[in-house]
Amino acid sequence: MQPSSSTPDVRTVGTPHALVQWLFGLAILSSCSLIMAMDFADPDLWGHVQYGREILATGTIPRTATWTFTSVGTPWINHENLAELAMAAAYDNIGILGLTFGKLLIGWALIGTLWWNARSQGVHPFVTALICLTVACMLKFHWHYRPQIIGYLMYAIMAVCLNQSMRPKESQSIRFEWLLALIPLAAVWANTHGSFVAGICVSAAFLGIQAITVLASNWRSATNLRDLPWKTVFGLLGVASSVWMATLFNPYGMDLHLWLLNALEVPRPEIEDWEATPLLSASPEVIGFWVVITSMLFVVSNTSLKDWAKWIVLALVIWQSATHIRHLPLLAITWASWFSTDLNTVWESFRDDVRQRLATIKSQSISPNVRWNSKLPTALTSIFLSLWLVAVGCLLWPKIRTLNVPHSRYPVQAFRFLAENRLEGRTVVTFNWAQYAIGFFAHEQLNSTVGIDGRFRTCYPQEVIDVYFDFFFGENYEGKRYRSQNSEPISKDRALTFHDPELFVISRLQQPTLSTMNDHSEDWVRIYQDELAEIWGRRDFLASQYSDVMLASSENANRPETANGVTPWPAFLDNSQNPTEPDSEQTATAILSNDNIRHRAMKSSNEITMSTT
């Protein structure tokens, strides 16, 4: 059976009222927002807000590493300046709602862009809804309070612009007004998140292949080279070049690109974001991956292969998504932006086939062009969708009204102990807590710095990273590691003397670090302990400046605080006094389910999970 046209035959008979279509769209948009929502803080959120505040306060962008005692003077290439400025301004002017609603609005903009793109091409609302819900499920695991979510929005806008540019209009075979929009987009993107590199690569590949396609399609009909559509070809290549040049408008110029190129060449086996996708997992994002693959197989079997630029780029994105789990959201957005009409064709073919079979069975003719809800009264549909919106709103509001810091993941009480005793100095903090520490030190005006934090290679040399990863992972770690050729042999003890640290805040879930500290108890004393964290101080440092704390170390080392409850973000001293219990078991379950890919609690063995900016 021949599939119907990719653009459905929309008739007035049985067409839902405009209000119903709007309500349905809002219901899907809200449902996607609920899927992507979370009410707990990301490990790097404190750092992002603090760095943005410092730029707002000083009016300058730091060129060297800040808040560190191990990398003083090291160049800092921060590819997230604009996003951090926005995060700081949102929190300082609106508070928690500035962050939570900002994240919600970015999600709405992304899903709304995909919805509009599909519906503008005549894709059925039901098909559009399934596409958007699939994208939401594939974004959920990576939809944290980080600049990367703005990068995903930029990627979606780019993909839609590329798609819309290839929709012929009147005498235009390529609509360059859509392509020109990519140039300012690239300039903003390059100052917001490093994912602009993906945008450059995808747009360049797309436009380059499209230029080759234009030449190939006109080659036989041209009598000489002058007859070929060179204006169109050079226009496409000119846009691709202009997009790249627009990204040079950043505080670092070409240095940003050179740093990113170097960073991408260096493996990150310790960072879970860069691991291969566990294709046999039953997580929502992996199920979404297989939905994309299966749906494209149906498209191939029901439609003729055209738009080679889209197919080739999609194949590259699928490959990258299979080898690096952090690229799954890019696959979802690419699939939704470019292949919604093809998916609609598959849907129409399936629908028409079912209707014909039913007509044969019932011996009656059913018009294939009557809309899906033709017999459902508009009023009843509107009531149902309104109730749907109310229900989703009630579930979504608790995730927007507050942003929690779970005590099971963050050392809220340990940091409170530091502030109450004015313990300050060169402090080594467990990797995923270090940017919380930076924000805490700044707010409590503690004269403290950290050894390493989630900014990772943006401001820390690999040799410094190796010292602390040796400490965190231990000498018997069996997993993959990347170490600099200039680093000394693996030593779990070197961090205790590297740049003369004075305090350690470590996780009790990291056995290698606990073992190392206990092995050196003649030089280091544990001055605080609860269920999650321990604080250790160098004996001579404490004896000279904090003798009272050292004398009370045996009492503080066995505090009764538990790792239960949550504290509203930012969990500084003035709002960490009275932790509250999670609203329900669902909150705790949501924390664990969202941790399973990127921010799982650090394990009790030698294995730990790292997250980076």
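The values are calculated or read from the model by the stated rules, or taken from the named source; none is laboratory data. In this text, all values refer to a predicted model and were calculated from it rather than measured experimentally. Heads up, the Cβs are rebuilt from the backbone with ideal geometry, glycines too, and the neighbour counts pull from every protein chain shown. To get the accessible areas, we keep the full protein, side chains included, count just its heavy atoms, and leave off ligands, DNA and RNA. Shrake-Rupley method; radii C 1.70, N 1.55, O 1.52, S 1.80 Å.
Setting aside same-chain residues fewer than 8 positions from LYS310, which aspartates and glutamates have a Cα under 13 Å from its Cα?
Straight-distance partners of LYS310: ASP342.
Size of the dipole of region 34-96 about the Cα centre, Lys and Arg at +1 and Asp and Glu at -1 on the beta carbon, nothing else charged, in debye to 20?
Using only the charged Cβ atoms, the result is roughly 240 debye.
Can you list the residues, at least 5 places off or on another chain, whose amide H is less than 5 Å from the amide H of ILE527, using H built in the peptide plane?
Amide H neighbours of ILE527: ILE535, TRP536, GLY537.
With +1 on each Lys and Arg Cβ and -1 on each Asp and Glu Cβ, and nothing else charged, work out how big the dipole of the chain is about its Cα centre, in Debye to the nearest 20. Let's see the in-between values first.
Working: 44 positive and 52 negative charges, 614 e Å.
With only Lys, Arg, Asp and Glu charged at Cβ, the dipole is about 2940 debye.
LYS492: which aspartates and glutamates have alpha carbons under 12 Å from its alpha carbon, excluding same-chain residues fewer than 8 sequence positions away?
ASP466, ASP470, GLU475, ASP519
Given the whole protein assembly as supplied and a 1.4 Å probe, what does the accessible area of ASP227 come to in Å², nearest 10?
Here the residue's solvent-accessible area equals roughly 80 Å².
Could you work out how much longer the chain between GLN545 and LEU358 gets when fully extended? Use 0.36 nm per residue separation minus the Cα distance between them, nm to one decimal. List each step's numbers first, then the result.
Working: separation 187, 0.36 × 187 = 67.32 nm, distance 8.51 nm.
Separation in residues times 0.36 nm, less the Cα-Cα distance, equals 58.8 nm.
Kindly report the accessible area of the chain per residue (heavy atoms of protein chains, probe 1.4 Å, no ligands, DNA or RNA), in Å².
Accessible surface, normalised per residue, equals 43 Å².
Determine the sum of side-chain charges near SER33: Lys and Arg each +1, Asp and Glu each -1, restricted to other residues whose C-beta is under 15 angstrom from that of SER33.
Every neighbour counted, the sum reads +3.
Per DSSP H run of at least 4 residues, take -39500 (n - 2.57); add these up for the chain, divide by its residues and hand me the 222 nm value, nearest 500 deg cm²/dmol.
Working: 24 runs with 331 residues, N = 613.
Taking each H run of at least 4 residues, the total per residue is -17500 deg cm²/dmol.
Would you mind computing, in nm to one decimal, how far apart the modelled labels at PHE350 and PHE249 are, each placed 7 Å from Cα along Cα→Cβ?
Here the answer is 4.4 nm between the modelled labels.
Helix by helix, which DSSP H runs in the chain go 18 Å or more along their axis at the Cα atoms and have an average Kyte-Doolittle hydropathy of 0.5 or more?
18-36, 81-94, 96-119, 125-139, 148-165, 196-219, 230-246, 284-302, 308-323, 378-401
Hey, can you grab everything whose amide H is under 5 Å from the amide H of VAL429? Only 5+ residues off in sequence or another chain; H modelled, so Pro and N-termini drop out.
Excluding prolines and chain starts, which carry no amide H, the hits are GLY451, ILE452, VAL505.
Treating cross-link reach as a plain straight distance, find the aspartates and glutamates whose alpha-carbon is under 17 Å from the alpha-carbon of LYS140, omitting any fewer than eight places away in the same chain.
Within reach: ASP39, ASP42, GLU272, ASP273, GLU285, ASP595.
Could you compute the FRET efficiency for ALA89 and SER491, with r as their C-beta to C-beta distance and R0 at 60 Å, rounded to 0.05?
With R0 = 60 Å, the Cβ-Cβ based efficiency is 0.85.
With log10 I(q)/I(0) by the Debye sum over Cα atoms at q = 0.08, 0.10 Å⁻¹ defined as stated, name the option among (1) -0.82, -1.05; (2) -0.64, -0.94; (3) -0.98, -1.11 computed from the structure displayed.
The value computed from this structure is option (2).
Using a 1.4 Å probe over the heavy atoms of the protein chains, calculate the carbon and sulfur portion of the accessible area of the chain as a whole percent.
That share works out to 60 percent.
Residue separation times 0.36 nm, minus the C-alpha to C-alpha distance between LEU19 and THR58: what's the value? Walk me through the numbers before you get to the answer.
Numbers: separation 39, 0.36 × 39 = 14.04 nm, distance 4.96 nm.
This chain segment gains 9.1 nm when fully extended.
Please identify which residues in region 130-174 have an amide N closer than 17 Å to a label point set 7 Å out from the Cα of TRP274, following the Cα→Cβ vector.
none
Tell me, in nm to one decimal, what length is gained between THR74 and HIS443 on full extension, where the rule is 0.36 nm per residue of separation less the Cα-Cα distance?
Answer, rounded to one decimal: 130.4 nm.
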